[in-house]
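The block underneath contains the structure these notes are about, expressed in structure tokens.
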Amino acid sequence: MMLRILATAFTIAATLVASAMTYAAFQHNPQGETFDPRSGAVHYGYVAELFLSWLLASFIVVAVCGAGVYLLGQIVRIWK
């Protein structure tokens, strides 16, 4: 049960990071990578690649950190 909650939290945290980075890419778009400022056309392939790469990277980082915290909690619980 605890691992399911942690996995959900990791997924939510990774999705928030990926969304924030995609939003930042839209805000700082000087060369028109994410969308064309003149026509407003969104380059969905680039946006999907950007979002998924940040999602994977942030999920791995959050999961590794969370696994460390979980293992430390288990060690502390054993020593009590």
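Only the coordinates and a few stated rules stand behind these numbers; no lab work does. Note that this is a predicted model, so its numbers are computed, not measured. Virtual Cβ from ideal backbone geometry, glycine too; neighbours counted across all protein chains shown.
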Practice task
Order by neighbour count: 21, 2, fewest other Cβ atoms within 10 Å first, most last.
Solution key: 2, 21
Completion exercise
Residue-ordered couplings for region 66-74, obtained by feeding phi - 60° into the Karplus form 6.51 cos²θ - 1.76 cosθ + 1.60 and rounding to whole Hz (Gly and Pro as x), are x, 5, x, 5, 4, 5, 4, x, 5
Problem - Built amide H within the under 5 Å cut-off of residue 35, gap 5+ - result: 43
Problem - Value of [θ]222 nm, deg cm²/dmol, for the chain, DSSP H segments ≥ 4, -39500 (n - 2.57) each, nearest 500 - result: -28000 deg cm²/dmol
Problem - Alpha-carbon Rg with Dmax, taken over the chain, Å - result: 17.8, 64
